[in-house]
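The values are calculated or read from the model by the stated rules, or taken from the named source; none is laboratory data. Keep in mind that this is a model prediction, so the values were computed, not measured. In this analysis, Cβ positions are derived from the backbone assuming ideal geometry, glycine residues included, and neighbour counts consider all displayed protein chains. Protein only, heavy atoms only, side chains kept; ligands, DNA and RNA dropped before computing areas. Shrake-Rupley method; radii C 1.70, N 1.55, O 1.52, S 1.80 Å.
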Amino acid sequence: MRFLITAGPTREPIDPVRYISNRSSGKMGYAIAEAALEAGHDVILISGPVNLDPPPGVRAVSILTSVHRHIRDSDLLVMCAAVADYKAQKVSATKIKKRDEHLVLDLILTRDILASLPNKDRQFLVVGFAAETNDVEENAAKKLREKNCDIIVANDISSVDSGMESDANEVTIFFRNGEKKKISRAPKKILARELVKIFSHSREKRLTKKM
Ligand code: CTP
(Lines give C-alpha, C1' and ligand atoms only; values in the text may rest on other atoms or scores of the structure.)
Protein backbone atom coordinates (compact mmCIF):
# COMPACT_ATOMS: atom_id res chain seq x y z
CA MET A 1 0.00 0.00 0.00
CA ARG A 2 1.01 3.60 -0.49
CA PHE A 3 1.33 5.51 2.78
CA LEU A 4 1.43 9.30 2.98
CA ILE A 5 2.61 10.29 6.45
CA THR A 6 2.99 13.76 7.94
CA ALA A 7 5.19 14.34 10.97
CA GLY A 8 6.70 16.98 13.19
CA PRO A 9 5.72 20.54 13.94
CA THR A 10 4.97 23.37 11.53
CA ARG A 11 6.43 26.86 11.79
CA GLU A 12 4.46 30.03 11.20
CA PRO A 13 6.66 33.07 10.72
CA ILE A 14 6.18 36.27 12.74
CA ASP A 15 9.11 38.24 11.31
CA PRO A 16 12.40 37.26 9.60
CA VAL A 17 13.81 35.78 12.84
CA ARG A 18 10.80 34.50 14.79
CA TYR A 19 8.08 31.93 14.43
CA ILE A 20 5.22 30.15 16.21
CA SER A 21 5.68 26.42 16.61
CA ASN A 22 5.17 23.59 19.10
CA ARG A 23 7.03 20.81 20.91
CA SER A 24 6.33 18.02 18.44
CA SER A 25 9.51 15.96 17.93
CA GLY A 26 8.30 13.99 14.92
CA LYS A 27 9.26 10.70 16.62
CA MET A 28 5.81 9.07 16.31
CA GLY A 29 5.41 9.94 12.61
CA TYR A 30 8.96 8.83 11.76
CA ALA A 31 8.43 5.56 13.66
CA ILE A 32 5.24 4.92 11.67
CA ALA A 33 7.13 5.64 8.43
CA GLU A 34 9.83 3.15 9.43
CA ALA A 35 7.31 0.48 10.46
CA ALA A 36 5.34 0.92 7.24
CA LEU A 37 8.53 0.47 5.20
CA GLU A 38 9.49 -2.63 7.19
CA ALA A 39 6.05 -4.06 6.42
CA GLY A 40 6.75 -3.61 2.69
CA HIS A 41 4.65 -0.50 2.00
CA ASP A 42 5.62 2.54 -0.10
CA VAL A 43 6.07 5.63 2.05
CA ILE A 44 6.07 9.35 1.39
CA LEU A 45 7.01 11.27 4.53
CA ILE A 46 6.07 14.94 4.67
CA SER A 47 7.88 16.49 7.57
CA GLY A 48 8.19 19.75 9.42
CA PRO A 49 11.57 20.70 10.93
CA VAL A 50 12.79 17.92 13.25
CA ASN A 51 16.12 16.52 14.44
CA LEU A 52 15.61 13.14 12.81
CA ASP A 53 16.86 11.59 9.59
CA PRO A 54 14.17 10.13 7.35
CA PRO A 55 14.37 6.31 7.35
CA PRO A 56 16.28 5.15 4.25
CA GLY A 57 13.80 4.12 1.57
CA VAL A 58 11.10 6.72 2.19
CA ARG A 59 10.42 9.58 -0.18
CA ALA A 60 10.98 12.61 2.02
CA VAL A 61 9.17 15.87 1.34
CA SER A 62 9.69 18.79 3.64
CA ILE A 63 6.55 20.93 3.54
CA LEU A 64 3.06 20.26 4.73
CA THR A 65 1.19 22.04 1.98
CA SER A 66 2.11 19.11 -0.24
CA VAL A 67 -0.53 16.89 1.40
CA HIS A 68 -3.13 17.92 -1.16
CA ARG A 69 -0.66 17.33 -3.99
CA HIS A 70 0.22 13.75 -3.02
CA ILE A 71 -2.98 12.46 -1.43
CA ARG A 72 -4.74 11.29 -4.58
CA ASP A 73 -1.93 8.82 -5.31
CA SER A 74 -2.06 7.35 -1.81
CA ASP A 75 -4.03 4.56 -0.13
CA LEU A 76 -3.57 5.82 3.38
CA LEU A 77 -3.00 9.25 4.86
CA VAL A 78 -1.56 9.35 8.37
CA MET A 79 -1.69 12.93 9.70
CA CYS A 80 0.72 12.75 12.58
CA ALA A 81 2.02 16.30 12.20
CA ALA A 82 1.32 18.92 14.84
CA VAL A 83 0.07 21.62 12.48
CA ALA A 84 -0.03 25.11 13.99
CA ASP A 85 -3.63 26.23 14.48
CA TYR A 86 -2.88 29.96 14.27
CA LYS A 87 -0.55 32.14 12.27
CA ALA A 88 0.36 35.82 12.40
CA GLN A 89 -2.21 37.91 10.59
CA LYS A 90 0.58 40.04 9.22
CA VAL A 91 4.13 38.73 8.87
CA SER A 92 6.53 41.62 9.43
CA ALA A 93 9.08 42.04 6.63
CA THR A 94 11.56 43.50 9.09
CA LYS A 95 12.57 42.39 12.57
CA ILE A 96 10.04 43.56 15.16
CA LYS A 97 11.86 45.93 17.55
CA LYS A 98 11.51 45.88 21.29
CA ARG A 99 9.41 48.85 22.33
CA ASP A 100 6.53 48.82 24.81
CA GLU A 101 5.90 46.73 27.90
CA HIS A 102 3.21 44.75 26.10
CA LEU A 103 3.20 43.43 22.58
CA VAL A 104 0.00 42.16 21.03
CA LEU A 105 0.23 39.78 18.10
CA ASP A 106 -2.87 39.30 15.98
CA LEU A 107 -3.26 35.64 15.10
CA ILE A 108 -5.64 34.07 12.61
CA LEU A 109 -6.60 30.44 12.04
CA THR A 110 -4.54 28.37 9.61
CA ARG A 111 -6.25 26.07 7.16
CA ASP A 112 -7.17 22.74 8.73
CA ILE A 113 -5.59 20.30 6.29
CA LEU A 114 -7.40 17.25 7.66
CA ALA A 115 -10.81 18.89 7.63
CA SER A 116 -10.24 20.23 4.12
CA LEU A 117 -9.67 16.85 2.46
CA PRO A 118 -12.21 15.60 -0.06
CA ASN A 119 -14.76 13.46 1.74
CA LYS A 120 -17.00 12.02 -0.95
CA ASP A 121 -16.03 8.73 -2.63
CA ARG A 122 -12.47 9.01 -1.49
CA GLN A 123 -10.29 5.99 -2.11
CA PHE A 124 -7.76 6.68 0.62
CA LEU A 125 -8.15 5.96 4.33
CA VAL A 126 -7.70 9.00 6.56
CA VAL A 127 -6.02 8.69 9.95
CA GLY A 128 -5.86 11.74 12.21
CA PHE A 129 -4.04 12.17 15.50
CA ALA A 130 -5.41 13.94 18.53
CA ALA A 131 -3.05 15.25 21.18
CA GLU A 132 -5.09 15.97 24.29
CA THR A 133 -4.38 17.06 27.84
CA ASN A 134 -7.95 16.50 29.09
CA ASP A 135 -11.26 14.86 28.10
CA VAL A 136 -9.33 12.64 25.70
CA GLU A 137 -12.22 10.39 24.59
CA GLU A 138 -14.71 13.17 24.11
CA ASN A 139 -12.29 15.37 22.17
CA ALA A 140 -11.06 12.51 19.99
CA ALA A 141 -14.60 11.45 19.10
CA LYS A 142 -15.41 15.04 18.18
CA LYS A 143 -12.34 15.31 15.92
CA LEU A 144 -13.21 12.01 14.23
CA ARG A 145 -16.67 13.34 13.40
CA GLU A 146 -15.85 16.93 12.55
CA LYS A 147 -12.77 16.18 10.45
CA ASN A 148 -14.36 13.19 8.68
CA CYS A 149 -11.56 10.82 9.63
CA ASP A 150 -11.78 7.04 9.34
CA ILE A 151 -9.56 6.63 12.38
CA ILE A 152 -8.35 8.94 15.15
CA VAL A 153 -5.36 8.00 17.27
CA ALA A 154 -5.64 9.84 20.56
CA ASN A 155 -2.81 10.37 22.96
CA ASP A 156 -2.88 11.90 26.37
CA ILE A 157 -0.03 14.39 26.49
CA SER A 158 -0.66 15.45 30.08
CA SER A 159 1.99 13.12 31.51
CA VAL A 160 5.70 13.79 30.99
CA ASP A 161 6.65 10.23 30.06
CA SER A 162 4.17 9.76 27.21
CA GLY A 163 3.38 11.66 24.05
CA MET A 164 5.21 14.80 22.99
CA GLU A 165 9.03 14.56 22.77
CA SER A 166 8.99 11.23 24.61
CA ASP A 167 10.25 7.92 23.16
CA ALA A 168 7.17 6.12 24.46
CA ASN A 169 3.48 6.58 23.95
CA GLU A 170 0.11 5.18 24.96
CA VAL A 171 -2.81 5.62 22.61
CA THR A 172 -6.48 4.88 22.12
CA ILE A 173 -7.66 4.33 18.57
CA PHE A 174 -11.17 5.42 17.63
CA PHE A 175 -12.87 4.00 14.54
CA ARG A 176 -15.71 5.51 12.56
CA ASN A 177 -18.08 2.67 13.51
CA GLY A 178 -17.75 3.56 17.19
CA GLU A 179 -15.25 0.84 18.06
CA LYS A 180 -12.15 1.70 20.03
CA LYS A 181 -8.91 -0.01 20.88
CA LYS A 182 -6.36 0.89 23.51
CA ILE A 183 -2.65 0.20 23.11
CA SER A 184 -0.82 0.41 26.41
CA ARG A 185 2.40 2.30 26.96
CA ALA A 186 5.19 1.10 24.67
CA PRO A 187 8.20 2.51 22.83
CA LYS A 188 7.01 4.51 19.81
CA LYS A 189 8.82 2.11 17.44
CA ILE A 190 6.88 -0.90 18.80
CA LEU A 191 3.62 1.02 18.91
CA ALA A 192 4.17 2.12 15.31
CA ARG A 193 4.27 -1.50 14.09
CA GLU A 194 0.94 -2.16 15.76
CA LEU A 195 -0.56 1.01 14.27
CA VAL A 196 0.63 0.18 10.74
CA LYS A 197 -1.05 -3.25 11.03
CA ILE A 198 -4.31 -1.69 12.22
CA PHE A 199 -4.27 1.01 9.52
CA SER A 200 -3.52 -1.36 6.62
CA HIS A 201 -6.09 -3.85 7.89
CA SER A 202 -8.76 -1.12 7.99
CA ARG A 203 -7.88 -0.03 4.49
CA GLU A 204 -8.11 -3.63 3.23
CA LYS A 205 -11.47 -4.11 4.95
CA ARG A 206 -12.74 -0.93 3.29
CA LEU A 207 -11.64 -2.21 -0.15
CA THR A 208 -13.31 -5.59 0.22
CA LYS A 209 -16.51 -3.91 1.34
CA LYS A 210 -16.53 -1.83 -1.88
CA MET A 211 -16.00 -4.79 -4.21
N1 CTP B 1 -4.56 19.25 11.71
C2 CTP B 1 -4.55 19.69 10.40
N3 CTP B 1 -4.51 21.04 10.11
C4 CTP B 1 -4.50 21.95 11.12
C5 CTP B 1 -4.54 21.51 12.48
C6 CTP B 1 -4.57 20.15 12.73
O7 CTP B 1 -4.57 18.87 9.48
N8 CTP B 1 -4.45 23.25 10.82
C9 CTP B 1 -4.62 17.80 11.98
C10 CTP B 1 -3.44 17.22 12.75
O11 CTP B 1 -2.40 16.78 11.87
C12 CTP B 1 -4.06 16.04 13.49
C13 CTP B 1 -5.51 16.50 13.72
O14 CTP B 1 -5.75 17.56 12.79
O15 CTP B 1 -4.09 14.87 12.73
C16 CTP B 1 -5.80 16.95 15.11
O17 CTP B 1 -4.87 17.93 15.50
P18 CTP B 1 -4.93 18.55 16.96
O19 CTP B 1 -3.86 19.58 17.08
O20 CTP B 1 -4.99 17.45 17.97
O21 CTP B 1 -6.37 19.23 16.98
P22 CTP B 1 -6.94 20.59 16.50
O23 CTP B 1 -7.89 20.33 15.38
O24 CTP B 1 -5.85 21.55 16.22
O25 CTP B 1 -7.83 21.03 17.74
P26 CTP B 1 -7.38 21.54 19.20
O27 CTP B 1 -6.03 22.22 19.00
O28 CTP B 1 -8.47 22.46 19.58
O29 CTP B 1 -7.28 20.31 20.07
| task | State yes or no: is Ser92 hydroxyl-bearing (Ser, Thr, Tyr) and more than 24 Å from Met164 (Cα to Cα)? | result | yes
| request: Take the stretch 146-172 and flag every residue that is within 13 Å of the ligand (Cβ to nearest atom) and part of a strand (DSSP E or B). | output: Ile151, Ile152, Val153, Ala154, Asn155, Asp156, Val171
| Total residues in the stretch 182-211, condition surrounded by 13 or more Cβ atoms within 10 Å (Cβ to Cβ) and in a strand (DSSP E or B) | 4
| What's the number of the condition Ile63 fails, among (1) within 14 Å of Thr6 (Cβ to Cβ); (2) of a type in the set (Val, Ile, Thr); (3) open to solvent by 40 Å² or more (accessible area, probe 1.4 Å); (4) within 12 Å of the ligand (Cβ to nearest atom)? | (4)
| When only residues in the stretch 68-101 that are open to solvent by 60 Å² or more (accessible area, probe 1.4 Å), more than 22 Å from Pro16 (Cβ to Cβ) and assigned to a loop (DSSP other than H, G, I, E, B) count, which is farthest from the ligand (Cβ to nearest atom)? | Glu101
| task | Just give me the residues in the stretch 103-145 being within 8 Å of the ligand (Cβ to nearest atom) and among the charged types (D, E, K, R), in sequence order. | result | Arg111, Asp112, Glu132, Lys143
| Does Ala141 qualify as being surrounded by 13 or more Cβ atoms within 10 Å (Cβ to Cβ) and in a helix (DSSP H, G or I)? | yes
| query | Out of all the residues in the stretch 1-57, which are of a type in the set (Gly, Ala, Ser), more than 12 Å from Ala81 (Cα to Cα) and assigned to a helix (DSSP H, G or I)? | reply | Ala31, Ala33, Ala35, Ala36
| task | Only residues in the stretch 83-109 that are among the aromatic types (Phe, Trp, Tyr) count as the first member; pair them with residues that are outside any loop (DSSP other than H, G, I, E, B), Cβ under 8 angstrom, at least 6 apart or cross-chain, and list the lot. | result | Tyr86/Glu12; Tyr86/Ile20; Tyr86/Leu107; Tyr86/Ile108; Tyr86/Leu109
| said: Among the residues that make up the stretch 113-120, is at least one of them among the β-branched types (Val, Ile, Thr), within 14 Å of the chain's Cα centre (by Cα), within 24 Å of Ile46 (Cα to Cα) and not in a loop (DSSP other than H, G, I, E, B)? | reply: no
